[in-house]
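Notes to accompany the following structure.
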Amino acid sequence: MKPNKALSIIWSIFFFVGAIFVAIAIIFNNYNSKKEKIEVTGIISRIGDYNYHHYDNDDDETPDVYVEYVVDGEIREAKLNYYSSTMHEGDSIDIYYEKGNPSKIGSESGDMLFVYIFGGIGSLFAILGGSGLIVLLVKNKKQKKLKETGEFVQADFVRVELNTTLTVNERHPYRIVCEWFDPYNNIKKELKSENIFTDPQPIITSLGITKFNVYIDPKNTKNYYMDISELGIK
């Protein structure tokens, strides 16, 4: 897969997952704000009776929290919609029950915690994915400009290396390394391709490639683009 395409897919996934999380938080908050609620003070009657799930580690289980509260002079008990490690049996807690459905209780703190968690994680993912897509867009425009206005040179193929400074899906991408004599600064310079997520060495060997086309900005030879399209990596 082409590096830009691979990264574009990854950043798009980040962005859309983040956007979905933010949307869930907004929808939940809007829906919750329209409920007719009766606010009361309850007492945490018990913390326990774990939800039954199959976990390898019991520490992952979240205990149910039950609260006693009064509705029209009648003491009721219902399960709260969230748990916090700061809760203790016998503690007072501000809750609400829904008008017309007093057995369904909630807590503004719990509701906002849900909104903050989903909204916060979603915003982080959306910002990260959006930033990545913007960087790719700028990079693509830069490459296009270099191909149109840069000086065309051919650089000698030296090797394929792993870029250990970058990890995507627990894998290091590859880079093609070439050498080129820089006449503007009178030095031999190493030029590197963009990151590739397919090992290009077998293709380079089978095609007998010894040189790669490079487009260089003569005003700043650090600004260049190596064209590796002949490898046919998609």
(message) How would the range 3-115 be classified by its alpha-carbon gyration tensor: rounded, prolate or oblate, with rounded meaning a/c under 1.5 and the a/b versus b/c comparison settling the rest?
(response) oblate
(request) With a point put 7 Å past each Cα toward its Cβ, work out how far ILE203 is from LEU128 in nm, to one decimal. (result) 2.8
(request) Work out how far the C-alpha atoms of the chain reach from end to end along every principal axis, then list the three figures in whole Å, largest first. (result) 91, 37, 29
(message) Spelling out what I want: for every residue of the range 100-105, take phi, set θ = phi - 60°, compute 6.51 cos²θ - 1.76 cosθ + 1.60 (Karplus), and round to whole Hz; glycine and proline get x.
(response) x, 8, x, 7, 9, 10
(request) Summarise the long-distance tail of P(r) for the range 61-135 by giving the % of C-alpha pairs beyond 17 Å. (result) 57
(request) Would you mind computing Rg(Cα) / (2.2 N^0.38 Å) for the range 138-234, counting N as its residues? (result) 1.09
(request) Could you compute the FRET efficiency for SER103 and PHE16, with r as their C-beta to C-beta distance and R0 at 41 Å, rounded to 0.05? (result) 0.65
(message) Over the chain, with a Gaussian network built from C-alpha contacts below 10 Å, which listed residue (SER85, SER103, SER131) shows the highest mean-square fluctuation?
(response) SER85
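We did not get these values from a lab; they are worked out from the coordinates using the rules stated. The shown structure was predicted, so the numbers you read here are calculated from the model rather than taken from an experiment. Neighbour counts are summed over all protein chains in view; Cβ atoms, including those assigned to glycine, are modelled from backbone coordinates with ideal geometry.
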